Amino acid sequence: MVLCVLAAAIPAAAQDPQPQPPPQPEPAIAQGVRAGGIDLSGLTQEQAEARLTDELTAPLSQDFVVGAAGIPFTLTMQQAKLKFDAHVTAKHALAAQPPPPPAGGGQSAGVDVALVLSHSKLAVKAFVAQAAARAYHAPREAKLRITVQRMIVSHSRPGLRLASKRVARQIDDALDSGASVRRLHTRLVAVKPAVTYKVLQRRYPRIITIDRDTFALRLFRSLRPWKRYSIAVGMAGLETPAGTYRIQDKQVNPAWHVPNSAWAGSLAGQVIPGGAPDNPLKARWLGIANGVGIHGTAEDWSIGTRASHGCIRMHVSDVIDLYPRVPVGTTVLIK
């Protein structure tokens, strides 16, 4: 009988509940840990995620405004495709360990965990390109108007443009950091004109103008008056042709290729050597176009009249003086 009692007691003892260990507290974020400036000390990861979502959703959704040339340009966060991952940010905060207090005493400075943010840099680049197009002011190029008496220059003026790469980088940095300031004021940068007064001076180192009414040849150097000579021009019916030309060729003691014209008489079609008595092209020749050119003449009395067959006559001493000053390609205005 005793054995039976003991056997019956064994199952009863096996059914006694075992003591359970007390539940472990959920890990908390260390003291002094912040994220985006928000204190998360002592919070669980879930609590930190909820706080970050609650406090940062509205500020991070604010538009970014760029001010340039007095114009506000607005980038919405929908355009920028900004996304904030509060879950991963809270996870990083939980893993963060603030630095120890300084050796001399005092509190630890804590640690501010970076917000986990992402956005489309292509969208920012497109936004900046649109703003740059609206803010752009084209430079004014210098322009030259040649008249027989003076050079009239419309001076250049620099333009203005947005520093697109720099502005895009500043916006990207602000969005990546979660900065609370969503405004950027930026100055436009100067755009140099391609054509300035100095460029015109290099482009037109010498200019000749022929004033048929006052029988004057003017030579300009670097767009400024330099020399003035008296000339003869074409007679009625054989006028010196008006227009803008260039010096095509230069010769010393040029040969005369007599045109096949009625006025040439028996010399028509012949070539008269340079320096020959019956060669009217004396000393120097600066060819302009279609057989018309500038040359010296033995008929000094004709200077100041309409006496030539289309060419521009000069005193021999004057054409010798002019010749080395004028390179091939020099612009010539005849009016």
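Take the conditions (1) more than 30 Å from Gly310 (Cα to Cα); (2) surrounded by 17 or more Cβ atoms within 10 Å (Cβ to Cβ); Thr209 misses just one of them, which is (1). Evaluated against (1) assigned to a helix (DSSP H, G or I); (2) out of contact with any helix residue (DSSP H, G or I) (no Cβ under 6 Å at 6 or more places or on another chain); (3) among the charged types (D, E, K, R), Arg145 falls short on exactly one condition, (1).
For region 276-284, the condition holds for at least one residue, the condition being that it is of a type in the set (A, V, I, L, M, F, W, C), within 28 Å of Pro225 (Cβ to Cβ) and in a loop (DSSP other than H, G, I, E, B).
Yes/no matrix, rows are residues, columns are (1) in a loop (DSSP other than H, G, I, E, B); (2) out of contact with any helix residue (DSSP H, G or I) (no Cβ under 6 Å at 6 or more places or on another chain):
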{"site": "Ile29", "(1), (2)": "yes, no"}
{"site": "Glu46", "(1), (2)": "no, yes"}
{"site": "Ala50", "(1), (2)": "no, yes"}
{"site": "Ala58", "(1), (2)": "no, yes"}
{"site": "Phe73", "(1), (2)": "no, no"}
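When we screen Ala163, Ala109, Ala131 for residues that are loosely packed, with under 14 Cβ neighbours inside 10 Å and over 30 Å from Phe220 (Cα atoms), the only hit is Ala109.
Scanning region 241-261 for residues that are within 20 Å of Tyr323 (Cα to Cα) and in a loop (DSSP other than H, G, I, E, B) yields Ile247, Gln248, Asn253, Pro254, Ala255. Among the residues of region 147-160 satisfying the criterion of being among the aliphatic types (A, V, I, L, M) and surrounded by fewer than 18 Cβ atoms within 10 Å (Cβ to Cβ), which is farthest from the chain's Cα centre (by Cα)? Restricting to residues being among the aliphatic types (A, V, I, L, M) and surrounded by fewer than 18 Cβ atoms within 10 Å (Cβ to Cβ), the top hit is Val148. Among the residues of region 61-74, those that are within 24 Å of the chain's Cα centre (by Cα) and buried (at least 17 other Cβ atoms within 10 Å of the Cβ) comprise Val66, Ala68, Phe73. Cβ-Cβ contacts under 7 Å between residues 6 or more apart (or on different chains), taken from a first residue in region 215-238 that is surrounded by fewer than 15 Cβ atoms within 10 Å (Cβ to Cβ) and part of a loop (DSSP other than H, G, I, E, B) to a second residue that is at pLDDT 95 or above and not polar (S, T, N, Q), are listed as Ala236/Arg306.
Right, Gly296: assigned to a strand (DSSP E or B) and small (Gly, Ala, Ser) or not? So Gly296 fits the description; yes.
For region 188-211, the criterion of being without any contact (Cβ under 8 Å) to a residue 60 or more places away in the chain, of a type in the set (Asp, Glu) and either farther than 27 Å from Phe84 by Cα or not assigned by TED's automatic domain parsing to the domain that holds Thr305 (or both) is met by none of the residues. When each of Gln31, Gln20, Gln24, Gln45 is tested for being over 17 Å from Val113 (Cβ atoms), at pLDDT 75 or above and not charged (D, E, K, R), the lone residue that passes is Gln20. Scanning region 274-316 for residues that are crowded, with 19+ Cβ neighbours inside 10 Å and farther than 19 Å from Lys250 by Cα gives a single hit, Ser308.
Quick check on region 187-206. Is at least one of its residues assigned to a strand (DSSP E or B), modelled with pLDDT of 95 or more and more than 30 Å from Asp63 (Cα to Cα)?
In the first step, residues of region 187-206 are kept if they are assigned to a strand (DSSP E or B); the result is 189-191, 206.
Next, only the ones that are modelled with pLDDT of 95 or more stay: 189-191, 206.
Those still in the list that are more than 30 Å from Asp63 (Cα to Cα) too: 206.
There is at least one residue in region 187-206 that is assigned to a strand (DSSP E or B), modelled with pLDDT of 95 or more and more than 30 Å from Asp63 (Cα to Cα).
Close contacts from region 281-293, counting a first residue that is closer than 15 Å to His309 by Cβ and modelled with pLDDT of 95 or more and a second that is part of a strand (DSSP E or B) and among the hydrophobic types (A, V, I, L, M, F, W, C), with Cβ to Cβ under 6 Å and a gap of 6+ residues or different chains, come to Ile288/Val332; Gly293/Trp285; Gly293/Leu286.
Kindly indicate whether Ala194 is loosely packed, with under 15 Cβ neighbours inside 10 Å and either touching a Gly at 6+ places or on another chain (Cβ under 7 Å) or under 30 Å from Arg161 (Cα atoms) (or both). Walk me through how you get there before you give the answer.
Values: loosely packed, with under 15 Cβ neighbours inside 10 Å: yes; either touching a Gly at 6+ places or on another chain (Cβ under 7 Å) or under 30 Å from Arg161 (Cα atoms) (or both): yes.
Yes, satisfied.
Return the pairs, sorted by first residue and then second, in which the second residue is crowded, with 16+ Cβ neighbours inside 10 Å and among the polar types (S, T, N, Q), the first residue lies in region 58-86 and is at negative phi, the beta carbons are less than 6 Å apart, and the residues are 6+ apart or on different chains. If the second residue must be crowded, with 16+ Cβ neighbours inside 10 Å and among the polar types (S, T, N, Q), the pairs left are Ala68/Thr186.
The values are calculated or read from the model by the stated rules, or taken from the named source; none is laboratory data. Predicted, not measured: the structure shown is a model, and the values here were computed from it. All Cβ positions, glycine included, derive from the backbone under ideal geometry; neighbour counts span all protein chains shown.
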